[in-house]
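Visitor: First the structure, which I've put down as structure tokens, then a few questions once you've had a look.
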Amino acid sequence: FAGAAFLAGAAFFAGAAFLAGAAFFTGAAFLAGAAFFAGAAFFAGAAAFFAGAAFLAGAFFAVAIVFSLIKLQRALHPILMPVK
């Protein structure tokens, strides 16, 4: 009887330890996956932000270059094409 009780207790502890370990690994895997998805979303957002910032900077520089070319053309116009 003592042996049977010991076996039952050992089986119970083994099962409880297995369930605790399985729950721990499941939770750890879930947390790792959640952290990965959060990091991936963060990097995607950062990449989109940098792409948008680069686009705005490029548009700004394009506008600035166009305006400077217009100013340069107006400044050089009397020299290049003297009015008759």
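Visitor: Residue separation times 0.36 nm, minus the C-alpha to C-alpha distance between Ala5 and Thr26: what's the value? It would help to have the intermediate numbers written out before the result.
Guide: On the way: separation 21, 0.36 × 21 = 7.56 nm, distance 3.08 nm.
Result for the pair: 4.5 nm of gain on full extension.
Visitor: I've got another one for you. Just subtract the alpha-carbon distance of Phe55 and Ser68 from 0.36 nm times their residue separation and send over the number in nm, one decimal.
Guide: On the way: separation 13, 0.36 × 13 = 4.68 nm, distance 1.96 nm.
Length gained, Phe55 through Ser68: 2.7 nm.
Visitor: Now, a different point. In sequence order, what are the phi-derived ³J(HN,Hα) couplings for the range 58-67 according to the Karplus relation 6.51 cos²θ - 1.76 cosθ + 1.60 with θ = phi - 60°, rounded to whole Hz, with x for glycine and proline?
Guide: Calculated HN-Hα couplings, in order: x, 4, 4, 5, 4, 5, 4, 5, 4, 5 Hz.
Visitor: Given the options Ala57, Ala46, Ala17, state which has the largest fluctuation in a GNM of the chain using a 10 Å cut-off (strictly under) for Cα springs.
Guide: Of Ala57, Ala46, Ala17, the Gaussian network model singles out Ala17 as fluctuating most.
Visitor: Now for a separate question. Please give the contour-minus-distance gain from Ala16 to Ile79: 0.36 nm per residue of separation, less the Cα-Cα distance, rounded to one decimal in nm. Display every interim value, and only then the final one.
Guide: Working: separation 63, 0.36 × 63 = 22.68 nm, distance 9.25 nm.
Working it through step by step, the gained length comes to 13.4 nm.
Visitor: Follow-up. Please list, in order along the range 22-28, the HN-Hα scalar couplings obtained from phi with the Karplus expression 6.51 cos²θ - 1.76 cosθ + 1.60 (θ = phi - 60°), rounded to whole Hz, x for Gly and Pro.
Guide: Along the range 22-28, the couplings run 5, 5, 5, 5, 4, x, 5 Hz.
Just so you know, all these numbers are worked out from the coordinates, no wet-lab data involved. Model, not experiment: these values are computed from the prediction.
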